[in-house]
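The values are calculated or read from the model by the stated rules, or taken from the named source; none is laboratory data. Everything numeric in this text was worked out from a predicted model, so none of it was measured. Glycine gets a Cβ as well: all are built from the backbone with ideal geometry, and neighbour counts include every protein chain shown.
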Number of protein chains: 2
Amino acid sequence: MRGNLFAVAVDLVVLTVRDDRLCVLLTQRSAPPFPGEPALPGGFVRQREDLLDAATRELVEDTGLTVGRHHLEQLGSYAAPDRDPRGRVLTVGHLALLPGLAGEESGSGTAIGTWHPVGEVGHLAFDHARILADGVERARSKLEYTTLAASFCPPEFTVSQLRRVYEAVWGTTIDPRNFQRKVTSTPDFLLPTGEKVRTGRGRPGQLFQRGKATALHPPMLRDPAPLTNGGPVRVAALRNGDGRP
Amino acid sequence: MRGNLFAVAVDLVVLTVRDDRLCVLLTQRSAPPFPGEPALPGGFVRQREDLLDAATRELVEDTGLTVGRHHLEQLGSYAAPDRDPRGRVLTVGHLALLPGLAGEESGSGTAIGTWHPVGEVGHLAFDHARILADGVERARSKLEYTTLAASFCPPEFTVSQLRRVYEAVWGTTIDPRNFQRKVTSTPDFLLPTGEKVRTGRGRPGQLFQRGKATALHPPMLRDPAPLTNGGPVRVAALRNGDGRP
DNA sequence: GCAAAAGTGTTTGATATACACCCATGA
DNA sequence: TCATGGGTGTATATCAAACACTTTTGC
């Protein structure tokens, strides 16, 4: 067979929302290359393993998740000739979305890594900064036209929790009243459980489960460029209007 | 270095619009495996070549294109353990969009392949049917929220040509009058050249060049599922209204 | 009662659709 | 002058943004 041989790895951009901020799971490299530097979790693909299986295995090993209702999808492949000093390594980036862990595990990390707000991540080993950026952008744009935001929520959640996911991922604020109507009127997005939850202060919110819908028609439009520049390209969609403190 | 070694290939989903139909470039395999079967064009990645460089090289070799204003992007990677009987081969699918070639080359193919309407493609070698399906779906959805449709057009084109691209790719009809307003009112999508072109019958249309815009805000919504089922999920956007023959 | 969060109703403005209508050309 | 395609104007329906207002809880 013609062609040169590559080692093939999977790397994971594991995102969650903690304290109303979008966070990524990072590990510290122990062995060369780049010892001591932060990196995305990942590893090599095994003998008879498909890519998604390898990514699932790494996710379980690195987070201690058993099975969970997490989302996992392929992002893309990265294979620049010099990206790994050990030789030719192609890595297939994957995006995983986890609900914000409450309680015991919420300290600061998992079996193998620690959580970092995506805006505060500096240099990463290999080309992992690029993979992270691609993963974050994928997550941001998918919130617009899919129901993927629910993957950041526990099995039962309120409309407010879902809204805070959007606000954390996009870095915007959203009018709670219009958001409420929008998501509850999308068919099969949210299934009411009939239960309510007391969040401390204020009227208890209704609990929902995720419905079967995967697409949002019409999409939930974010301002075209709220995170990169402040250009008034277009009137913001779903912006908070009355500036509550 | 741990990990098993893979051969890495790139495969190309090369799409164009010919005779108002979305067509894909297919080759006939000569050597094993799957000799004689139709397949996507592609080949192995070379020693110090990045993925997009390899895909560009294959595109040039297979279509005879010199440089062109074609679009080329990565689709995703496919690495099922048994996808190639020769051994472990990971292939990185790519999507290329070409303008419909007019004149001499419009016969039926290119240096290495022939054009087939995507709806009439049967069995393909390897897992290429899956890669093709993913490429077509990517193209269809990208027309909604990007200006990518212009990649199917020559450097100068009319609004009608652009509309026929949408109609061919989506398999729908679009009201020419509303389409005209929509695309000409999107900032930086179309640059008027000032010239007009006589297409045979009817009033000559104005010629445009592609502008700098890449995103469409708001998106050009197609009916959620016009190609897979006919469910009246939602009123069609931009549907032809007066049923001209 | 007061603050805070959940949730509803309504006004208003933007936009897409449907379609009448005019323009420019070839036959 | 008729058929054909290019292109503009406009009424209507639809939907989202803005925001007043009510409900239900904790303190």
Restricting to region A:202-214, count the residues that are closer than 14 Å to A:Pro187 by Cβ and either of a type in the set (Asp, Glu) or surrounded by 15 or more Cβ atoms within 10 Å (Cβ to Cβ) (or both). 4
Filtering region A:36-65 for residues that are more than 14 Å from chain B (Cβ to nearest Cβ), assigned to a loop (DSSP other than H, G, I, E, B) and at pLDDT 95 or above leaves a count of 3
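Listed here are the residues, each with its yes/no results for (1) surrounded by fewer than 22 Cβ atoms within 10 Å (Cβ to Cβ); (2) away from DNA strand D (no atom under 16 Å from the Cβ); (3) under 30 Å from A:Val10 (Cα atoms).
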| position | (1), (2), (3) |
| --- | --- |
| A:Arg140 | yes, yes, yes |
| A:Ala150 | no, yes, yes |
| A:Ser160 | yes, no, no |
| A:Ala168 | no, yes, yes |
| A:Gly171 | yes, yes, yes |
| A:Gln180 | yes, no, no |
| A:Val183 | yes, no, no |
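Conditions (1) buried (at least 21 other Cβ atoms within 10 Å of the Cβ); (2) among the hydroxyl-bearing types (Ser, Thr, Tyr); (3) out of contact with any Leu (no Cβ under 7 Å at 6 or more places or on another chain), marked per residue:
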site: A:Val10; (1), (2), (3): yes, no, no
site: A:Thr16; (1), (2), (3): yes, yes, no
site: A:Arg21; (1), (2), (3): no, no, yes
site: A:Pro33; (1), (2), (3): no, no, yes
site: A:Gly36; (1), (2), (3): no, no, yes
site: A:Phe44; (1), (2), (3): no, no, yes
site: A:Thr56; (1), (2), (3): no, yes, no
site: A:His70; (1), (2), (3): no, no, no
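For region B:66-90, enumerate the residues that are more than 10 Å from every other protein chain (Cβ to nearest Cβ) and within 24 Å of A:Asp50 (Cβ to Cβ). Spell out the reasoning first.
Residues of region B:66-90 that are more than 10 Å from every other protein chain (Cβ to nearest Cβ), as a first pass: B:66-72, B:85.
Matches in region B:66-90: B:Pro85 only.
Per-residue answers, yes or no, for (1) under 19 Å from A:Thr147 (Cβ atoms); (2) assigned by TED's automatic domain parsing to the domain that holds A:Gly119; (3) within 10 Å of DNA strand C (Cβ to nearest atom):
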residue	(1), (2), (3)
A:Val165	yes, no, no
A:Ile174	yes, no, no
A:Ser185	yes, no, yes
A:Lys196	no, no, yes
A:Thr199	no, no, yes
A:Pro204	no, no, yes
A:Gln209	yes, no, no
A:Leu216	yes, no, no
